[in-house]
Amino acid sequence: MAVGQRVINLFRRKLNKVDRELVESYLDEAGLFLFNQMSFSDQKHAVTVARYLLSEKVDTQGANLRPLIKGALLHDVGKVKGEIAWWNRILVGLIRRFFPRLRTKWGKRGEGGLNHALYVDLHHPSRGAYMAESLGIDPTVVSLIKHHHDEPNERTNLELALLQNADAKN
């Protein structure tokens, strides 16, 4: 997804009917609860990642599709709506892209501010996995959430590799 579209999504408020139907067709009550904790821009990104995985552009043969799509819809659930101001989200995106080492140096747990936004950006996979596990989400989906920013290696399974690729492209 283009940076400009992500900025526009920061100011939109809700998913359209078609996107909502996709989400509701894959997520149970606990999954919907988690999904609804995300900001619109994170929800829209998650739906875009899921749609990309469901498109003809991606060869998902051999993949366990249902947990993969659930993982796509919930992979950023560790970024909770309202926790980070929109301007800090933009700064985090720029820092992640152009100065990635600063995330680790400046990312500090706290309340609000750029340091906390960087902390959330760094730790949202483990935070999201903890939230999902606490609500009884399928362990396969929890693992996808937890590891979606890990460096790929020989132990990376097909579903995780597909999710990582789709997330990076969208």
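The values are calculated or read from the model by the stated rules, or taken from the named source; none is laboratory data. All values reported here derive from a predicted model rather than from experimental measurement. For neighbour counting, all protein chains shown are included, and Cβ atoms are generated from backbone atoms with ideal geometry for every residue, glycine included.
For the subset of the stretch 19-29 comprising residues that are outside any loop (DSSP other than H, G, I, E, B) and surrounded by 10 or more Cβ atoms within 10 Å (Cβ to Cβ), which member is farthest from the chain's Cα centre (by Cα)?
Going residue by residue through the stretch 19-29, those that are outside any loop (DSSP other than H, G, I, E, B) are 19-26, 29.
Of the ones still in play, those that are also surrounded by 10 or more Cβ atoms within 10 Å (Cβ to Cβ) are 19-24, 26.
Numbers: 19: 16, 20: 16, 21: 19, 22: 16, 23: 14, 24: 17, 26: 16 Å.
Checked the stretch 19-29; the qualifying residue farthest from the chain's Cα centre (by Cα) is 21.
Within the stretch 136-170, how many residues turn out to be out of contact with any Pro (no Cβ under 8 Å at 6 or more places or on another chain), of a type in the set (Lys, Arg) and farther than 19 Å from residue 57 by Cβ?
Residues in the stretch 136-170 being out of contact with any Pro (no Cβ under 8 Å at 6 or more places or on another chain), of a type in the set (Lys, Arg) and farther than 19 Å from residue 57 by Cβ: 1 in total.
Considering only residues that are modelled with pLDDT of 95 or more and in a helix (DSSP H, G or I), which ones fall in the stretch 62-90?
Correct list: 65, 66, 67, 68, 69, 70, 71, 72, 73, 74.
Within the stretch 95-149, which residues are of a type in the set (D, E, K, R) and surrounded by 16 or more Cβ atoms within 10 Å (Cβ to Cβ)? Spell out the reasoning first.
So the first thing to find is which residues in the stretch 95-149 are of a type in the set (D, E, K, R), and the list is 96-97, 101, 103, 105, 108-109, 111, 121, 127, 133, 138, 146.
Residues satisfying the conditions are 103, 121, 127, 133, 138, 146.
Can you tell me which residues in the stretch 150-168 are surrounded by fewer than 15 Cβ atoms within 10 Å (Cβ to Cβ) and within 19 Å of residue 79 (Cα to Cα)?
Passing the criteria: 150, 168.
Here is a check on your reading of the model: is residue 59 free of Cβ contacts under 8 Å to residues at least 40 places away in the same chain, farther than 16 Å from residue 133 by Cα and assigned to a loop (DSSP other than H, G, I, E, B)? Even if it seems obvious, please write down each step before you answer.
Numbers: free of Cβ contacts under 8 Å to residues at least 40 places away in the same chain: yes; farther than 16 Å from residue 133 by Cα: yes; assigned to a loop (DSSP other than H, G, I, E, B): yes.
Answer is yes for this residue.
Only residues that are modelled with pLDDT under 90, part of a helix (DSSP H, G or I) and over 18 Å from residue 74 (Cα atoms): list them for the stretch 1-18, please. Working first, answer last.
To start, the set of residues in the stretch 1-18 that are modelled with pLDDT under 90 comprises 1-14.
Next, only the ones that are part of a helix (DSSP H, G or I) stay: 3-9.
Matches in the stretch 1-18: 3, 4, 5, 7, 8.
Hey, among the residues in the stretch 37-55 that are assigned to a loop (DSSP other than H, G, I, E, B) and at pLDDT 95 or above, which one's surrounded by the most Cβ atoms within 10 Å (Cβ to Cβ)?
Within the stretch 37-55, the subset assigned to a loop (DSSP other than H, G, I, E, B) is 37-39, 55.
Add one more test, that the residue is at pLDDT 95 or above, and what stays is 37-38, 55.
On the way: 37: 19, 38: 21, 55: 10.
The extreme case among them is 38.
Does residue 96 satisfy the condition of being closer than 19 Å to residue 32 by Cβ and among the basic types (Lys, Arg)? Working first, answer last.
Details: closer than 19 Å to residue 32 by Cβ: no; among the basic types (Lys, Arg): yes.
No, not satisfied.
Does any residue of the stretch 142-154 turn out to be at pLDDT below 95 and β-branched (Val, Ile, Thr)?
Within the stretch 142-154, none of the residues are at pLDDT below 95 and β-branched (Val, Ile, Thr).
Checking the condition farther than 16 Å from residue 30 by Cβ, buried (at least 20 other Cβ atoms within 10 Å of the Cβ) and either touching a Leu at 6+ places or on another chain (Cβ under 7 Å) or free of Cβ contacts under 8 Å to residues at least 12 places away in the same chain (or both), which residue from 68, 73 passes?
Details: 73 fails: farther than 16 Å from residue 30 by Cβ.
Every option except 68 fails the conditions.
Within the stretch 85-107, track down each residue that is under 15 Å from the mean Cα position of the chain (by Cα) and within 14 Å of residue 40 (Cα to Cα).
Within the stretch 85-107, 89 is the sole residue that qualifies.
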